[in-house]
1. Can you pull the accessible area of His45 for me, 1.4 Å probe, Å² to the nearest 10?
2. Relative contact order for the stretch 24-100: what percent, with Cα pairs under 8 Å and sequence separation of 6 or more?
3. Evaluate the relative contact order of the stretch 116-205 (contact order divided by residue number), counting alpha-carbon pairs under 8 angstrom at least 6 apart; express in whole percent.
4. For the stretch 17-154, what does the alpha-carbon gyration tensor say about shape, rounded, prolate or oblate, given a ≥ b ≥ c as the root eigenvalues, a/c under 1.5 as rounded, and a/b over b/c as prolate?
5. Between Ser56 and Trp172, with labels modelled 7 Å along Cα→Cβ, what's the label distance in nm to one decimal, could you check?
6. If I model a spin label as a point 7 Å beyond the Cα along the Cα-Cβ vector, how far apart are those points for Phe242 and Lys66 in nm?
7. With every protein chain left in place, what is the accessible area of Val155 in Å² (1.4 Å probe, nearest 10)?
8. How compact is the stretch 88-163 by the rule of thumb for globular proteins, expressed as Cα Rg over 2.2 N^0.38 Å?
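The values are calculated or read from the model by the stated rules, or taken from the named source; none is laboratory data. It should be emphasised that the depicted structure is a prediction, and the values quoted were computed from it without experimental measurement. So basically every Cβ, Gly included, is an ideal-geometry build from the backbone, and we count neighbours across all protein chains shown. Just the protein is used for accessible areas: all its heavy atoms, side chains included, with ligands, DNA and RNA removed. Shrake-Rupley method; radii C 1.70, N 1.55, O 1.52, S 1.80 Å.
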Amino acid sequence: MLLLSISITPIIFSTVSNLKNTYRNKELFNIELSRFKSVEDITAHIDGIYSATHSSPEIDTLAYVKATSDIVKKRFYHGLSEYSIKDNWIAYLGGKLFWKHLTAIVEPDDILDYSEGLCSQQTIVFLEILKRKGIQTRWIGLGYKEGPGHFLAEVHYQGRWHLYDVNLEPKWERVINHHESIAYYKQYQDSLFLAYEGIISRSLFDEIMEKVQYGEVNEFPAKKMLLFHRITKMMTYLIPIFLGFLILLTLFKQKVPSKIIQKTASKLKSKEKEVELMK
């Protein structure tokens, strides 16, 4: 499992490499949604939108997934959110010195601190929101670890899996059988490409569709990296506290002996005076 986790990490953090330069201008980004800085907050917002048209206590999975997809698409624009030296200096230095992927954020709440997100990062937030609502999901990795690659999600409802891409925002209205599974579109790639036409080239589309990796149901896609970030983020705060404690302890140890020496010297002088007086 460790080797599998390491092997998929580059795919998790990779993204389609040659998007058109004008793609960002076509995104559905809404800066007003940047006020939602945690999964809890953005879920509450989605709940409000959903409850405005659904009063039944039993959740309509399709409707909730659609509302979530729409909001996550508008919450981010395409780009990399990564830890700065201020947020997590250990991961930051590790990314600069050893492996660039170490700085790419996978903690859902930390991703929401930023307006930009890679395909993997936006998908992680999408998956986390749905998982907390009890909806079955799984991540889908397309392409190769050396690139190009893409990362998206499948959601289970109505007895089968359905594909969602909150990052590249495909034009599903162009596809007759939209939001089918990736297994379905492997058989009908021409149909799926209609949704991506104008976003990525056909040659790139065909290349990333050559290889598909599936996550387990409701599995977090970057468990090892999440653990690394949580530990190093904790250490980011604990190490300065520990060093500060050592400095104070060292100063205290230096100060105490000096006081003892001063007191001892004072007592010796007093005794010397007493001896002289006795003479």
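1. His45 exposes around 50 Å² with every protein chain in place.
2. On the way: 35 pairs, mean separation 31.7, N = 77.
Computed over the stretch 24-100, the figure is 41 percent.
3. On the way: 112 pairs, mean separation 19.3, N = 90.
Relative contact order here is 21 percent.
4. Details: a/c = 1.84, a/b = 1.66, b/c = 1.11.
Prolate.
5. If labels sit at Ser56 and Trp172, their model points lie 1.9 nm apart.
6. Here the answer is 5.3 nm between the modelled labels.
7. Val155 exposes around 0 Å² with every protein chain in place.
8. Working: Rg = 14.6 Å, N = 76, 2.2 N^0.38 = 11.4 Å.
That ratio works out to 1.28.
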